[in-house]
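The values are calculated or read from the model by the stated rules, or taken from the named source; none is laboratory data. Just so we're clear, the structure is a prediction, and the values are computed from it rather than from any experiment. Reconstructed Cβ throughout: ideal geometry from the backbone, glycine too, with neighbour counts over all protein chains shown.
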Amino acid sequence: MMLWTEPAGPQVPAGGGTLPDGSHISTTWLGEKAYSEIRRLVVIQEGYGNSICSPIQTYSGQATLKPNLPDRHQHAIIYTSKECPEEYSYTADDGTVVREELSKDPIKVRSEQDGREGDLGTLSRINYSKIYTVENYVRVLNIGMVDRDSIPSLKANSMIYRGTPAEKPLKHPSKSEPSHRGRSKGGKGKDKRH
């Protein structure tokens, strides 16, 4: 869990300030707008001085049924409860039941925090279609570890590991070793931190 800031989209309200969901809009250099929120991420791979992560979102309490959500098939339930929550569904105005119909295995997280910080709730979804780099100097709150039984699914669905021929420990290149830029490297199957 960390404070995340990115350029704000064109639909942000004028003037900035704190929004009802707790996020914040601020004005930056050259009058541009920035959007900040507390974001949860899953560490997929540890790098040299940073970590490669995929985001966890509830999409304003709509899970993957949020209208116009791109790549909804690239999501999975991620949870800290003892049992995996059911997929989100609702009944439309015409009586039709609308379901998520997720195809990827749920990811269980062993929470290491008490209270709200350590609870992912029932609507959290990991988004495998997005990758973020988080520098190691950024202040974060570790909320838990991906359960050992969920790591194969996490790796199989992550863009970092798809198509990787073999896993090798991540190592910083030295002057005497050739650089292997552009190649994905894997970890040693240890638990991944949030």
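Observations
- Residue match in the stretch 112-129 (condition: out of contact with any Gly (no Cβ under 8 Å at 6 or more places or on another chain), free of Cβ contacts under 8 Å to residues at least 60 places away in the same chain, not polar (S, T, N, Q) and not in a loop (DSSP other than H, G, I, E, B)): yes
- Applying the condition of being of a type in the set (Val, Ile, Thr) and within 13 Å of the chain's Cα centre (by Cα) to the stretch 123-142 and asking which residue is modelled with the highest pLDDT yields Ile126.
- Checked against the criterion of being among the hydrophobic types (A, V, I, L, M, F, W, C), exposed (fewer than 15 other Cβ atoms within 10 Å of the Cβ) and outside any strand (DSSP E or B), the stretch 63-78 contains not a single residue that satisfies it.
Okay, residues lined up against (1) within 17 Å of Leu141 (Cβ to Cβ); (2) surrounded by fewer than 16 Cβ atoms within 10 Å (Cβ to Cβ); (3) at pLDDT below 75:
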| site | (1), (2), (3) |
| --- | --- |
| Gly15 | no, yes, yes |
| Gly22 | yes, yes, yes |
| Gly31 | no, yes, no |
| Arg40 | yes, no, no |
| Ile56 | yes, no, no |
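- Selection from the stretch 120-146 of residues that are within 12 Å of Ser81 (Cα to Cα) and surrounded by fewer than 16 Cβ atoms within 10 Å (Cβ to Cβ): Gly121
Conditions (1) farther than 21 Å from Gly144 by Cα; (2) over 14 Å from the mean Cα position of the chain (by Cα); (3) in contact (Cβ under 8 Å) with a residue 12 or more places away in the chain, marked per residue:
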| site | (1), (2), (3) |
| --- | --- |
| Pro55 | no, no, yes |
| Gly61 | yes, yes, yes |
| Leu65 | yes, yes, yes |
| Pro70 | yes, yes, yes |
| Ala76 | no, no, yes |
| Pro85 | no, yes, yes |
| Tyr88 | yes, yes, yes |
